[in-house]
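Heads up: the structure comes next, in structure tokens.
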Amino acid sequence: GFTAGRGITMFTTSYAVFHQRYPNIIIEPKEGIVHDLQRLIAQGDLDIGFLTLTDKDRTDDVYETIYREELFLAVPSVHPIARSYSTKEGGYPTIDISAFQYEPFVLMDKRSTMHTLINQIFADAGFEPQVLFETGNNHTIISMIKANLCCGILTYYYVKDLPEGITCFRLPSRPTWEFTASYKKGRYLSEAARCFIDLMKQQWGDAGKELPA
């Protein structure tokens, strides 16, 4: 099981190697939101789920961390604050999100496990965002920011490959969540299933380590 967006890309990369080792094993990829995949794991209807979530979203099943990933504030590069930082600092400067409290935001919707973390970010900053709308698609958020319509919250997976026209800031609290491999507690993992998890760790385990702590 994979989430929409990054999931199928990560699956495809690892599956190419897996298929060479286990040519007779058939994998049936299923795409869905985290909570639906968790339900299928708990029911025994899904062998493994590769899920992004916070500690609060974990169930009683098994979770193996593949990497931790930071969340960023993303704003149009034409914004006056973004322009002032782009000439002063390289990399990703740190800023308090309250500097953008009067700007509209497009955010991940309530079905996303990121929603819990996003709510905490704004609660810590002491304001409720002006939400233009909510979506389940990160690429929609990216398109809206690039069109100079709003600000947004994006994970490093998307931040590292953003098109021109978007400036990203790190937040003081360095909010993070985890990309994990999850399977039913007490369920036997076959050699092939174990291999697939290990391949994901080998190929993606450094994905969240490109930034300084």
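With Phe133, Phe122 as the choices, which residue is over 26 Å from Gly7 (Cα atoms) and either part of a strand (DSSP E or B) or under 21 Å from the mean Cα position of the chain (by Cα) (or both)?
Phe122
Could you grab me the full set of residues in the stretch 118-138 that are under 20 Å from Val34 (Cβ atoms) and open to solvent by less than 30 Å² (accessible area, probe 1.4 Å)?
Passing the criteria: Ile118, Ile121, Thr135, Asn138.
Given (1) out of contact with any Gly (no Cβ under 9 Å at 6 or more places or on another chain); (2) closer than 17 Å to Leu171 by Cβ, where does Gln101 come up short, assuming only one miss?
(1)
Write out, first by first residue and then by second, each pair whose Cβ atoms fall under 7 Å of each other, whose residues are 6+ apart or on separate chains, and whose first residue, in the stretch 141-158, is in contact (Cβ under 8 Å) with a residue 12 or more places away in the chain while the second is open to solvent by 10 Å² or more (accessible area, probe 1.4 Å) and among the hydroxyl-bearing types (Ser, Thr, Tyr).
Ile141/Thr135; Ile142/Tyr158
Looking at Gly165, Gly152, Gly186, Gly205 in this structure, which one is surrounded by fewer than 21 Cβ atoms within 10 Å (Cβ to Cβ) and touching a helix residue (DSSP H, G or I) at 6+ places or on another chain (Cβ under 6 Å)?
Gly165
State whether one or more residues within the stretch 174-187 are in contact (Cβ under 8 Å) with a residue 24 or more places away in the chain, part of a helix (DSSP H, G or I) and more than 27 Å from His19 (Cβ to Cβ).
Looking through the stretch 174-187, none of the residues is in contact (Cβ under 8 Å) with a residue 24 or more places away in the chain, part of a helix (DSSP H, G or I) and more than 27 Å from His19 (Cβ to Cβ).
Using the structure shown, decide if Ile141 is at pLDDT 95 or above, touching a strand residue (DSSP E or B) at 6+ places or on another chain (Cβ under 8 Å), crowded, with 20+ Cβ neighbours inside 10 Å and β-branched (Val, Ile, Thr).
In short, yes.
Answer yes or no as to whether Ala99 is over 26 Å from His139 (Cβ atoms) and modelled with pLDDT of 95 or more.
no
The values are calculated or read from the model by the stated rules, or taken from the named source; none is laboratory data. The shown structure was predicted, so the numbers you read here are calculated from the model rather than taken from an experiment. Ideal geometry is used to build each Cβ from the backbone, glycine not excepted, and the neighbour counts take in all protein chains shown. Remember, those area values only see protein heavy atoms, side chains included, never the ligands or the DNA or RNA. Shrake-Rupley method; radii C 1.70, N 1.55, O 1.52, S 1.80 Å.
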